[in-house]
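Working notes for the structure below.
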Amino acid sequence: MSNNLCISFFFAIAISAVPLQAQVPCAAVTSLKGPELRTYIQKHVQLAHPCVTAAIHQLEQDNTPGTIDFLLSVLDYRRLETSAEALGNSTKAPTVENLYPALDVLMKFGEEATGALIAYLGRSSSVIGSQNARYALGVIHRDSLPALLDKLDLIAQKAPQADRERMEKAAAELAQFCSSSEMDKCKIHIRTPLVSPK
């Protein structure tokens, strides 16, 4: 095998080992809007297509009804690794919102997403999705956690039993992140023992 052929062969192997997210240009996705964009995401999210992340981030500019609920439907979608992450060469660990693009976009909607996030906590059976919903609520309401917990508790009281149990669990977990000055107002929501970090 000639040197040039060897180089081409090993170059092809190296490229095939790099995650597709690093190879495929996603510029065409940025031209999609509204229903076309959502259809694209629905069609490709289960295939782990490399442009799904870019498409989800496009929804940040979409203020049409149903956008927040649609984002919740892909809240547990985790983006593909970058080539640096796959090879262990990333300089820093990605944040939760960096790994889950729908979470990142929902947090940018802010308080507008609160009601939908709470409803999602009541109905969702997705462990990752529920964790991400709690995370989003905690970040959005980080300066007013006691008020958020009171609202969550009020909604839970009117919900069916299964939904109520999920919401109460979410409230208990969020309450553990209250500041020391807020803990007196938050501890009423903690129905399970606090777990000290190791």
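The values are calculated or read from the model by the stated rules, or taken from the named source; none is laboratory data. Everything numeric in this text was worked out from a predicted model, so none of it was measured. Here the Cβ is made from the backbone with ideal geometry for all residues, glycine too, and neighbour counts use every protein chain on show.
Run residue 106 past the list (1) of a type in the set (A, V, I, L, M, F, W, C); (2) more than 25 Å from residue 37 (Cβ to Cβ); (3) under 12 Å from the mean Cα position of the chain (by Cα) and report the number of the one that doesn't hold.
So residue 106 meets the others, but not (2).
Report the residue count in segment 64-103 for those that are β-branched (Val, Ile, Thr) and over 16 Å from the mean Cα position of the chain (by Cα). Walk me through how you get there before you give the answer.
To start, the set of residues in segment 64-103 that are β-branched (Val, Ile, Thr) comprises 64, 67-68, 74, 82, 91, 95-96.
Imposing the further condition that a residue be over 16 Å from the mean Cα position of the chain (by Cα) reduces the set to 64, 82, 91.
Number of matching residues: 3.
For the condition loosely packed, with under 13 Cβ neighbours inside 10 Å, assigned by TED's automatic domain parsing to the domain that holds residue 48 and out of contact with any strand residue (DSSP E or B) (no Cβ under 9 Å at 6 or more places or on another chain), what is the one hit in 158, 92?
On the way: 158 fails: assigned by TED's automatic domain parsing to the domain that holds residue 48.
Within the list 158, 92, the selection yields 92.
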